[in-house]
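The values are calculated or read from the model by the stated rules, or taken from the named source; none is laboratory data. What you are looking at is a predicted structure, and each value in this text was computed from that prediction instead of being measured. Neighbour counts run over all protein chains shown; Cβ positions are idealised from the backbone, glycine included. For accessibility, only protein heavy atoms count, side chains too; no ligands or nucleic acids. Shrake-Rupley method; radii C 1.70, N 1.55, O 1.52, S 1.80 Å.
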Amino acid sequence: MKAFTRLFDELDSTTSTLEKVAALKRYFKQATTDDSLWAVLLLTQKISRRVITSATLKKIFLTATEYPEWLMTESYEQVGDTAETVALLLRSLGYARPDTKESETESSLTEWMTNRIPQLANFQTLEEQGDVLLSWWKDLSADEIFILNKLMTGGFRVGVSDKLVIRALSELFEVPSDRVAHRLTGVKNASDITFSEIISKEEITTASNQPYPFCLAHSWASRVDQDWSSEDWCVEWKYDGIRSQIIARDQQLWIWSRGEQDISNSFPDLLKLFEPLRTLNDGTVIDGEVLIVKDGHIESFQELQKRLGRKKPSPAVMKENPVGFVAYDCLEFEGQDLRELPLQDRRKYLKRALKNFKTEQIKISEAHEVKNLDELEKLRSQSRENSAEGLMIKHWHSPYTVGRKTGSWWKHKIDPLTLDAVLIYAQAGTGRRANLYTDYTFALWTEDKDGKRTLVPFAKAYSGLDQAEIDELDKWIRRHTREKFGPVRSLEAQQVFEIGFEGVLRSSRHKSGLAVRFPRILRWRHDKKPEDADSLETAEALL
Amino acid sequence: MEELIQLTKKGLYCARGDFYIDPWQPVETAVITHGHSDHARTGSKQYHASASCVPLLRHRLGPIHVESHEWGKPFQLSETKVSFHPAGHILGSAQVRVEHNGNVWVMSGDYKRTPDASCEPFEVVPCDVFISEATFALPVYSWEPGEVTAKKIFNWLHQDRTRPSIVFCYALGKAQRILAEMKRYTDETVYLHGSMAELTKLYRNHGIPMLPTELVADLPKDFDFSGKLILAPPSAHRSVWMKRFKEPQTAFASGWMQIRGARRRGGYEKGFVLSDHADWRELIQTINETKAKKIYLTHGREDVLARYLREKGLEVELLRTEYEGEQE
């Protein structure tokens, strides 16, 4: 635990990627292979085990130490994180081991993850759990307690990307990083893989349901080279569904989402559609987008959402929201890894793989020929009526790379819809935003029969302002609060913000009767008065 | 009991002695607890301060009329007997004891109990009424001894000696404390931002043992700061002044750094928990040890501390002063 805590601290206290990679290497150099495996899984957030909730952790702490609840609440409001609050209070109470003292029962990360933490679930009452936790806490430093609390509540996160972890492993053990990345893709459990397999120099046959790391695109706006020649680029619609890989191996079928979830169970109807692939030949992997396709028309993400999170959809749900698929790419054919081939060749394999498919629900993504940049913009402006959220622009010669590599794949999204709305409520955030009012509710004007205008809440947004603006707005909020309802403050209707979003839909759950997708703050409109903000009618026109 | 000290528009006023303690507007007679700018303000006719505070006060306020006083030695101000007692906050920082007709009030100013190699240690002064600060009055704040924090700074400096290491901290008190506490571990020169030069000299004149220092501004343009420790005030963070350091690692030394959210929010890579103020336990310990019958609380989280003390049966009131405590 000590070494892992030090690693966390080192990663948490530098912004230099070189330093982060160096810290990771230092850790992996001294750690056992078991500990290294757990560290990789935790750092890349492949696993997070919630044995207890934050609320339970709080209750256990209060019961075990007989701490005044109000004082814990005041402390939490300052800290913004239960795991950290408990660690700091334990230190203040003198329960935590001082940093200067060595631990008497130092246990390895593996011991904590495989034995101690899971054990906690065997105890039923808060008192019993409290006894166990107190005995652990007493031999841990406050920093170690923080890590333990995070691990127990499944909230362990640290400022390091998967890419850096993979880079450290690749440099230290001299294995190509793509290989490491591939091996880690789809791993959900410590039993799925061993550390020696992750860093092996040998080619290892991966599990048959293992997806490839997804190739991702950069934003077109970040492109430096502004030349265009029509024969270089494959231009496709960018659909707003679930980017997924259909994997057919060993006479079986799986659907893996980009979030590395096996979503096969949620879409039995899609598995059925891909049935011909299962028996076609051994080893086919197709990259594409899972969508709702009704009578040949691609429905919004909102419709797809009705299918998400359902472990077993009912026949009614499947009928109401029929699943479809737009295929972009073919990554494996007849058991051969095609990723190094140029896109134009992979498309030929894609056509071969899907040639016997008779269903309307599965399509190969259309490749548009675009002569110049003006045409590109014109095509992009037609995205919405084509149920797309913009364009994908891929070089015909590009291989299917791991992750987001610059140069050959671009996404060119449509500009968001925007409305000017008035800030009416604010709530403090958590974590780094604890103690700062950063969760905002915005409203639009509506007019009743008598012509009286009132503001009705329309969207919540958390992001889009920079730190200086957040600080400034936080100060303003504290000085212009009308009422406090628990953690929420209602504010004087003065500040206008330009809100961007991806779409509007009817919703019975919202007071405005509308739900917006991906709302975020685009600009603080200091130049606008609240009466200049948009009305609900304007928003309804965007439906 | 008579209200010996009252809150007025100009500051905390003692009518029996006709003086103010740390007034925020110019007055006739100002009794000053310490040299930080929210406590020592310019414009008053006559100042009183502890002997070790006077040089800092003169540096900060320019030419002033100031009477210097030895620790614990009472002097008469009108009907009252006044004396200074060490507060352990920064060099020369004092609690002000005011006595009239056997009624004793103590105004703590800012104080701490954690040992500090750069100033006089706090002294408990028994009193009837104690006016306490409450900057860090939440139980999540608990400090380690300065030498432990200094060791952490030392380790951080040695972890990467290929880059300059800049610790941001307040120019008066915190900077000198780091220079004094670090002396246990090294004798290497530390490089200072210009705003710290004179203040550090004043500490040296007082005989506080500290690491040797040089001014960044006195060094040639191409001086290599790799592996060196540099101290600068928070206002220099991300300023033009930073340009001369190549890819420095940065840290902030402050009590607020106890909390991870504050650390990340400040935009510093590393946070060192080092405060001039009392932590939660020190506040409660001190309030108990003064045996005061009544407690007034000023700047900080006085609301939380007040509730806690009231639940323990103490009489507590809040004072709305304009002191700022340790800035974030």
>> For segment A:125-278, take the convex hull of the Cα atoms, compute a quarter of its surface area, and give me that in nm², please.
In response: 16.2 nm²
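Mind checking how much accessible area B and A bury in total, 1.4 Å probe, in Å² rounded to 100? Walk me through the numbers before you get to the answer.
Numbers: alone 14140 and 27040 Å², together 38470 Å².
That pair of chains buries around 2700 Å² in total.
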> Which whole-number value in Å² is the accessible area per residue of the protein assembly as shown, probe 1.4 Å?
Replying inline: 44 Å²
> What residue among B:L215, B:F154, B:I259 has its Cα farthest toward the positive end of the dipole of segment B:146-272, where the charges are +1 on Lys, Arg and -1 on Asp, Glu, each on the Cβ?
Replying inline: B:I259
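At a 1.4 Å probe radius, carbon and sulfur cover how many percent of the accessible area of segment A:206-308? Each step should come with its number before you reach the end.
Working: 1920 of 4180 Å².
The value for segment A:206-308 is 46 percent carbon and sulfur by accessible area.
Which trypsin sites (Lys or Arg not before Pro) does segment A:182-218 hold that lie in a coil by DSSP with at most 13 other beta carbons within 10 Å?
A:K188, A:K201
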>> Cross-link candidates for B:K81: which aspartates and glutamates have Cα within less than 16 Å, leaving aside residues fewer than 8 places away along the same chain?
In response: B:E2, B:E3, B:D18, B:E67, B:E70, B:E99, B:D128
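If we count every other residue with Cβ under 12 angstrom of A:K29's Cβ, Lys/Arg +1 and Asp/Glu -1, where does the sum land? Present the calculation step by step, with values, prior to reporting the outcome.
Values: positive: A:K25, A:R26; negative: A:D35, A:E171.
Net of charged neighbours comes to 0.
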>> Based on the alpha carbons, how large is the Rg to Rh ratio for segment B:146-272 when Rh follows Kirkwood?
In response: 0.93
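Just the number, please: percent antiparallel of the DSSP beta bridges in chain B, rounded to the nearest 5. Numbers along the way, then the final one.
Details: 20 of 60 bridges.
Rounded to the nearest five, the antiparallel share is 35 percent.
Assign unit charges at the C-beta atoms only (+1 for Lys and Arg, -1 for Asp and Glu), then state the dipole size of chain A relative to its Cα centre in Debye, rounded to the nearest 20.
Approximately 780 debye in magnitude.
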>> Please list the three semi-axes, largest first and in whole Å, of the ellipsoid equivalent to segment A:96-213, using sqrt of 5 times the eigenvalues of its alpha carbon gyration tensor.
In response: 34, 18, 12
>> Given a 1.4 Å probe, show me the residues in segment B:102-146 buried by at least 20 Å² of accessible surface when comparing the whole protein assembly to the chain alone.
In response: B:L138, B:P139, B:V140, B:S142, B:E144
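Summarise the partner chain shielding of B:160-168 as one whole number: the mean count of Cβ atoms from other chains within 10 Å of each residue's Cβ.
Values: counts 5, 0, 1, 2, 0, 0, 0, 0, 0.
That average works out to 1.
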> Dipole of segment B:63-163 (Lys/Arg Cβ +1, Asp/Glu Cβ -1, origin at the Cα centre): which of B:G92, B:M107, B:A117 lies farthest to the positive side?
Replying inline: B:A117
> Amide H to amide H under 5 Å from A:I364: which residues, 5+ apart in sequence or cross-chain, H placed 1.01 Å off N in plane?
Replying inline: A:A327
> In segment A:61-96, what residues drop by 20 Å² or more in accessible surface going from the chain by itself to the full protein assembly, probe 1.4 Å?
Replying inline: A:W70, A:L71, A:E74, A:S75, A:Q78, A:V79, A:E84, A:L88, A:R91, A:S92
> In percent, what relative contact order does segment B:146-272 have, based on Cα pairs under 8 Å that are 6 or more apart in sequence?
Replying inline: 35 percent
>> Over chain B, what is the relative contact order in percent, taking alpha-carbon pairs closer than 8 angstrom and at least six residues apart?
In response: 17 percent
> What size of dipole, in debye to the nearest 20, comes out for segment B:16-168 about its Cα centre when the only charges are +1 on Lys and Arg C-beta atoms and -1 on Asp and Glu C-beta atoms?
Replying inline: 480 debye
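Among A:241-249, A:531-539, B:34-42, how do they line up from the highest to the lowest mean number of other beta-carbon atoms within 10 Å? Don't skip to the end; give the middle numbers.
Values: A:241-249: 23.2, A:531-539: 16.3, B:34-42: 20.3.
The densest-packed peptide leads the list: A:241-249, B:34-42, A:531-539.
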> Taking θ as phi - 60°, what are the ³J(HN,Hα) couplings along segment A:130-142 by the Karplus curve (6.51, -1.76, 1.60), each to the nearest whole Hz, with x for Gly and Pro?
Replying inline: x, 4, 5, 4, 4, 5, 6, 3, 5, 9, 10, 6, 4
>> Give me the percent of accessible area attributable to carbon and sulfur for segment A:25-65, probe 1.4 angstrom.
In response: 44 percent
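Please go through segment A:71-126 and write out the trypsin sites (Lys or Arg not before Pro) that DSSP classes as loop and that have at most 11 other C-beta atoms within 10 Å. List each step's numbers first, then the result.
On the way: sites: A:R91, A:K101, A:R116; in loops: A:K101.
Qualifying residues, ordered by number: A:K101.
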> What whole-number value in cubic angstrom gives the convex hull volume per residue for the C-alpha atoms of chain A?
Replying inline: 196 Å³
> Taking accessible area as the heavy-atom solvent-accessible surface of the protein chains with a 1.4 Å probe, which residues of segment A:1-24 lose no less than 40 Å² upon going from the isolated chain to the full protein assembly?
Replying inline: A:D12, A:S13, A:E19
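For segment A:104-170, which GluC sites (Glu not before Pro) are both in a DSSP coil and crowded by at most 16 other Cβ atoms within 10 Å?
On the way: sites: A:E104, A:E106, A:E111, A:E127, A:E128, A:E144; in loops: A:E104, A:E106.
Passing sites in segment A:104-170 are A:E104, A:E106.
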> Quick one: which of B:55-65, B:296-306 comes out on top by average Cβ neighbours within 10 Å, and what's the full order, highest first?
Replying inline: B:296-306, B:55-65
>> How high is the relative contact order of segment B:146-201? Use alpha-carbon pairs under 8 Å, at least six apart in sequence, and give a whole percent.
In response: 47 percent
>> When only alpha-carbon atoms are used, what values of Rg and Dmax, in angstrom, describe segment B:72-177?
In response: 18.1, 64
> Rounded to a whole number, what % of the accessible area of segment B:146-272 do carbon and sulfur atoms account for, probe 1.4 Å?
Replying inline: 49 percent
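Output the direction-averaged projected area (hull surface divided by four) of the convex hull of the alpha-carbon atoms of chain B, in nm². Don't jump to the answer; show the numbers that get you there.
On the way: hull surface 65.1 nm².
Computing the convex hull of the Cα atoms and averaging its projections yields 16.3 nm².
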